[in-house]
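Engineer: This structure is in structure tokens; I'll ask about it shortly.
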Amino acid sequence: MQKMKLVMVGNGMAGVRTLEEVLRLAPELYDITVFGAEPHANYNRILLSPVLAGEQTIKDIMLNDVDWYRENGITLHLNRKVVRIDRKARVVYAEDGSSAEYDRLILATGSTPFILPVPGNDLQGVIGFRDIHDVDAMIAASKSYKHAVVIGGGLLGLEAANGLKLRGMDVTVVHISDWLLERQLDQTAARLLQKNLEDKGLKFLLKKQTAAILPVPALSPNSPPQGERDDVPTLRVGGVRFTDGSEIPADLVVMAVGIRPNTALAESAGIHCNRGIVVNDTMQTYDPRIYAIGECVNHRGTAYGLVAPLFEMAKVCANHLAQMGIGRYTGSVTSTKLKVTGIDLFSAGNFSGGGKTENILLSDPVGGVYKKLVIQDNKLVGACLYGDTVDGAWYFQLLREGRDIAGIRDHLMFGQSHVGDVGHQGHNKAAAMSDEMEVCGCNGVCKGTIVKAIKEKGLFTLEDVRKHTKASSSCGSCTGLVEQILASILGGDYSPAPAAKSLCGCTDHTHEEVRAAIREHKLLSIPDTMKFMEWRTPNGCASCRPALNYYLLSTWPHEARDDPQSRFINERAHANIQKDGTYSVVPRMWGGTTNSGELRRIADVADKYQVPMIRVTGGQRIDLFGIKKEDLPKIWAELDMPSGHAYAKALRTVKTCIGTEFCRFGTQNSTQMGIDLEKAFYKMWAPHKVKLAVSGCPRNCAEAAIKDVGVIGVDSGWEIYVGGNGGIKTEVAEFLVKVKTAEEVLEYSGAFLQIYREEARYLDRTVHWIQRVGMDYVKKRVLDDDEGRKAAYQRLMYAIQAEKDPWAERAREGVAKHEFETLAV
Amino acid sequence: MSNWIKVVPLNEIPKLGARVVRHNGRDIAVFRNDGDGVFAMNDKCPHKGGPLSQGIVSGNSVTCPMHGMNISLADGKAVAPDEGCVGTYPVKVEAGVVYLQIM
């Protein structure tokens with residue numbers, strides 16, 4: 001079959017990313033031809049600033065070299081600018097007369113620096129800051145000239161100025177506004193930044209408007225000696241004059257006052273443009289055969305210059321080119337970071353405040369730290385951080401999720417690590433870490449490895465880093481640190497994962513959308529759900545299948561069928577897999593109680609099967625280690641105790657203290673309450689593990705404050721706390737309600753857990769779910785709505801009833817026999 | 001030379017699942033995809049030696065239960081960007097029975 005012809009005009013990051021995605025999705029669909037106006041293959045434009053600063057080389061920042069194009073069968077024309085599109089004949093023509101036919105065309109023409117329309121703007125030595133050519137020109141100038149003037153105190157201008165200064169030039173930044181980065185920073189933060197940069201040797205002229213660029217001879221007599229410049233044939237820049245009549249010397253002028261989308265080609269072909277090539281949500285122009293992507297595009301009135309949104313566009317565009325037809329680009333929220341080594345600044349959203357907003361401020365000018373959080377209607381709407389940007393990613397996430405911050409308002413300024421008490425935070429400044437320092441404690445990944453992977457492999461997202469280095473892919477507690485490292489390398493071009501996260505790579509639907517579809521359309525199996533929701537993969541992956549299985553079972557108990565093959569091995573084998581492939585066995589001990597019979601049977605099993613290790617767990621139970629898989633059913637039969645579900649996303653342990661039965665301080669019978677709770681909720685599957693505890697008095701020996709549901713007995717009844725967590729990040733449970741009777745404890749805790757089971761995302765602990773929906777919502781559902789609470793409790797009881805003990809089934813009824821048999825040949 | 005060894009009826013390997021075959025003290029994982037496709041390889045992840053047979057099978061790859069490395073069932077190679085590979089064995093289904101060729 002004849003392949004279709006795909007032609008791309010432009011050879012930059014957004015365009016090539018689109019091709020990569022197309023090749024991944026539909027490798028055989030197109031013959032691809034690329035025209036690039038630059039003589040280079042695809043490089044990482046974001047990292048031009050570090051190249052200018054001498055921290056990296058051009059070689060370091062290549063993303064796709066010429067070999068890549070050849071290996072993927074792409075015809076690459078470098079140094080050839082396309083000047084005409086014949087839409088009727090579907091042919092593009094380059095400057096040199098060469099041409100290419102297309103069935104689909106991608107315009108990825110990028111943008112060019114805006115050059116101020118002032119006299120002298122065409123003198124030699126007046127340049128923009130856009131490509132390798134500009135960087136080469138700047139580096140060359142820094143070798144033979146002294147005075148550099150950067151016009152424009154925005155991100156790009158400051159990065160250029162910093163680079164030129166490091167190259168030994170005397171640099172003045174000219175800016176028209178009252179303060180630097182006025183689109184990213186408020187005045188206070190900008191002043192701190194300015195001072196910091198002045199300490200590095202940069203000079204600033206604010207509130208100055210350029211009137212003309214002056215050639216060398218026109219400069220006043222007291223300008224610096226010109227000596228060796230006499231042999232330069234064309235007129236070179238010699239100075240800059242401002243509207244107030246003042247002048248400064250300049251041997252190099254860098255214009256960094258903004259960018260203009262390159263639309264001339266599209267316009268000449270009659271494609272609708274309006275400050276960019278206008279595209280719809282599938283990145284198509286007004287000619288449906290022609291797509292446009294990158295900085296040349298106007299999408300819903302916005303032109304983006306940061307890489308994260310451009311890559312999102314690339315994904316959508318490729319999806320449609322691959323004829324899959326799912327996915328829309330609906331715009332992006334962006335945040336800002338400056339790529340100047342040693343300077344930390346971050347801003348996002350409405351950081352100026354004003355109107356009905358409230359500000360929380362932390363200002364330490366001597367220490368060089370300034371933080372401003374802007375809040376409206378109990379939501380974070382803007383953040384501006386200077387000097388300490390550790391929590392930038394976290395604030396940005398709060399901002400985009402529009403999360404209610406009333407509950408954490410008093411801690412908000414102090415960052416994420418203060419919201420919980422402690423945790424594996426380690427270091428709070430990624431930039432200050434040395435390359436050997438460990439970032440990911442689970443997988444032993446140090447900072448240098450991550451930095452190297454980001455630079456060499458051209459990574460842009462947290463997901464990329466997880467895949468390539470394994471950092472942040474296990475417990476996730478170093479995610480913030482990895483995000484900081486990404487941000488410090490990619491600068492403003494890094495944006496954390498989108499707010500509405502899809503369930504996994506197999507679909508664009510969110511957890512919530514999938515749950516809603518299962519409920520509303522009564523989907524009862526994983527294949528039906530995947531078909532209905534148009535999954536991209538034939539049978540999902542190890543991330544989505546367990547989630548779907550849980551959603552189906554929790555939404556339609558007794559109707560949806562459990563799919564063991566979609567469960568993680570622990571839930572399939574009903575034991576915990578260990579590093580050597582053996583398993584561990586934890587029998588249930590109601591409320592932490594046991595008896596001599598059980599202990600004797602445990603001892604007998606340990607002897608008979610030569611159990612190498614017996615351990616008392618933190619959850620008041622006993623764990624037998626080193627069990628061979630084929631022995632599990634026999635051991636369960638001989639133990640004759642129920643499963644402790646220590647391996648499952650289900651009710652684990654109910655920890656208790658001894659309570660009134662023996663304790664002289666006890667006010668309630670906590671042990672019995674624990675046993676009752678455990679018997680009531682035993683066999684309850686959940687989005688993640690669920691741990692409970694009951695203490696008999698406020699001394700709280702059962703540590704109820706760090707459990708999903710913690711119950712504390714007081715003289716007049718029971719206090720119920722929810723959303724505690726003692727794991728990766730310690731979270732103290734919040735007070736939910738005080739009740740009088742044990743029946744009420746069961747009903748309120750059960751209703752809380754049932755609503756969590758029905759509404760949380762798979763792998764959310766209770767605390768994560770509460771953080772998202774807010775404690776007020778939980779209270780409304782569990783406390784204010786009596787009918788709703790009773791109904792939720794009934795639904796939980798219905799879901800659990802008739803659920804069999806998994807060990808008994810396998811030990812006595814031969815369920816899933818194949819799981820435990822090895823075939824000998 | 002026909003050294004095919006009869007292993008197990010196909011219907012005793014669950015779809016999207018695996019069985020472990022023990023041969024001379026070595027474990028071989030025999031996988032089945034969502035149809036009748038079967039694949040065999042050493043039951044040992046190239047990452048840290050995890051038992052691949054215990055992983056979740058999807059499409060034509062398996063995810064190791066230890067640290068989530070994805071291994072392609074067809075050739076035993078780690079799915080990019082991971083690196084590594086597992087030794088595979090010829091395997092066939094005849095009259096509903098799975099046969100394995102072990103050198």
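Engineer: Among what's in the range A:70-125 and is part of a loop (DSSP other than H, G, I, E, B) and among the hydroxyl-bearing types (Ser, Thr, Tyr), pick the residue that is nearest to A:Met313 (Cα to Cα).
Structural biologist: Among those that are part of a loop (DSSP other than H, G, I, E, B) and among the hydroxyl-bearing types (Ser, Thr, Tyr), it is A:Thr109.
Engineer: From the set of residues in the range A:649-671 that are among the small types (Gly, Ala, Ser) and surrounded by 24 or more Cβ atoms within 10 Å (Cβ to Cβ), which is farthest from A:Gly710 (Cα to Cα)?
Structural biologist: A:Gly659
Engineer: Next question, about the same structure. In contact (Cβ under 8 Å) with a residue 60 or more places away in the chain and either at negative phi or among the basic types (Lys, Arg) (or both): does that describe A:Val654?
Structural biologist: Working: in contact (Cβ under 8 Å) with a residue 60 or more places away in the chain: yes; either at negative phi or among the basic types (Lys, Arg) (or both): yes.
Against the criterion (in contact (Cβ under 8 Å) with a residue 60 or more places away in the chain and either at negative phi or among the basic types (Lys, Arg) (or both)), A:Val654 qualifies.
Engineer: Being out of contact with any Ser or Thr (no Cβ under 9 Å at 6 or more places or on another chain) and surrounded by 18 or more Cβ atoms within 10 Å (Cβ to Cβ) is the filter here; which residues of the range A:323-338 pass it?
Structural biologist: Matches in the range A:323-338: A:Leu338 only.
Engineer: Considering every residue within the range B:38-45, establish whether at least one is touching a residue at least 12 places away in the same chain (Cβ under 8 Å), of a type in the set (Val, Ile, Thr) and more than 10 Å from every other protein chain (Cβ to nearest Cβ).
Structural biologist: Within the range B:38-45 (the criterion being touching a residue at least 12 places away in the same chain (Cβ under 8 Å), of a type in the set (Val, Ile, Thr) and more than 10 Å from every other protein chain (Cβ to nearest Cβ)), the answer is yes, since at least one residue qualifies.
Engineer: Continuing with this model, one more query. In the range A:718-734, how many residues are at pLDDT 95 or above and outside any loop (DSSP other than H, G, I, E, B)?
Structural biologist: Adding up the residues that qualify gives 5.
Engineer: Hey, another quick one. Would you confirm whether or not the range B:12-30 contains a residue that is touching a residue at least 60 places away in the same chain (Cβ under 8 Å), farther than 16 Å from B:Tyr89 by Cα and more than 7 Å from every other protein chain (Cβ to nearest Cβ)?
Structural biologist: yes
Engineer: Right, here's the next one. In this structure, is B:Gly59 at pLDDT below 95, under 22 Å from A:Glu463 (Cβ atoms), more than 11 Å from every other protein chain (Cβ to nearest Cβ) and surrounded by fewer than 20 Cβ atoms within 10 Å (Cβ to Cβ)?
Structural biologist: no
Engineer: A further question on this structure: Contact list please: Cβ distance under 6 Å, first residue in the range A:82-103 and surrounded by 15 or more Cβ atoms within 10 Å (Cβ to Cβ), second residue among the aromatic types (Phe, Trp, Tyr) and part of a loop (DSSP other than H, G, I, E, B), pairs at least six apart or on different chains.
Structural biologist: From the range A:82-103, the pairs are A:Arg90/A:Tyr102.
Engineer: Can you pull out the strands (runs of 3 or more DSSP E) entirely within the range A:250-347 that have at least 2 residues that are β-branched (Val, Ile, Thr)?
Structural biologist: Per the criteria, A:252-255, A:277-279.
Engineer: When the range B:62-76 is examined, which residues are found to be of a type outside the set (Ser, Thr, Tyr) and either buried (at least 19 other Cβ atoms within 10 Å of the Cβ) or within 12 Å of another protein chain (Cβ to nearest Cβ) (or both)?
Structural biologist: Those that are of a type outside the set (Ser, Thr, Tyr) and either buried (at least 19 other Cβ atoms within 10 Å of the Cβ) or within 12 Å of another protein chain (Cβ to nearest Cβ) (or both): B:Val62, B:Cys64, B:Pro65, B:Met66, B:His67, B:Gly68, B:Met69, B:Asn70, B:Ile71, B:Leu73, B:Gly76.
Engineer: If you don't mind, another one. Only one of (1) crowded, with 19+ Cβ neighbours inside 10 Å; (2) within 14 Å of chain B (Cβ to nearest Cβ); (3) within 17 Å of A:Trp685 (Cα to Cα) fails for A:Trp535. Which number is that?
Structural biologist: (3)
Engineer: Specify which of the listed residues (A:Ile526, A:Ile569) is free of Cβ contacts under 8 Å to residues at least 12 places away in the same chain and closer than 21 Å to A:Ala650 by Cα.
Structural biologist: Details: A:Ile526 fails: free of Cβ contacts under 8 Å to residues at least 12 places away in the same chain.
One residue alone meets the criteria, A:Ile569.
Engineer: Please list, ordered by first then second residue, the pairs with beta carbon atoms under 6 Å, 6 or more apart or interchain, first in the range B:77-103 and more than 17 Å from B:Asn42 (Cβ to Cβ) and away from chain A (no Cβ under 14 Å), second among the aromatic types (Phe, Trp, Tyr) and crowded, with 16+ Cβ neighbours inside 10 Å.
Structural biologist: Pairs that qualify, where the first residue is more than 17 Å from B:Asn42 (Cβ to Cβ) and away from chain A (no Cβ under 14 Å) and the partner is among the aromatic types (Phe, Trp, Tyr) and crowded, with 16+ Cβ neighbours inside 10 Å, are B:Lys92/B:Tyr99.
Engineer: Yes or no: B:Asp34 farther than 30 Å from A:Val465 by Cα, at the interface with chain A (Cβ under 9 Å from one of its Cβ atoms) and part of a loop (DSSP other than H, G, I, E, B)? Talk me through it step by step, then tell me what you get.
Structural biologist: On the way: farther than 30 Å from A:Val465 by Cα: yes; at the interface with chain A (Cβ under 9 Å from one of its Cβ atoms): yes; part of a loop (DSSP other than H, G, I, E, B): yes.
Answer is yes for this residue.
So that you can scan it fast, the table gives a plain yes or no per residue for (1) surrounded by 14 or more Cβ atoms within 10 Å (Cβ to Cβ); (2) within 36 Å of the chain's Cα centre (by Cα); (3) at pLDDT 95 or above:
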position	(1), (2), (3)
A:Val737	yes, yes, yes
A:Lys740	no, no, yes
A:Leu783	yes, yes, yes
A:Gly788	yes, yes, yes
A:Tyr793	yes, yes, yes
A:Gln801	no, no, no
A:Ala816	yes, no, no
A:Leu823	yes, no, no
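The values are calculated or read from the model by the stated rules, or taken from the named source; none is laboratory data. Values in this document were obtained by computation on a predicted structure and should not be read as measured data. Using ideal geometry, Cβ is built from the backbone for each residue, glycine included, and neighbour counts are taken over all protein chains shown.
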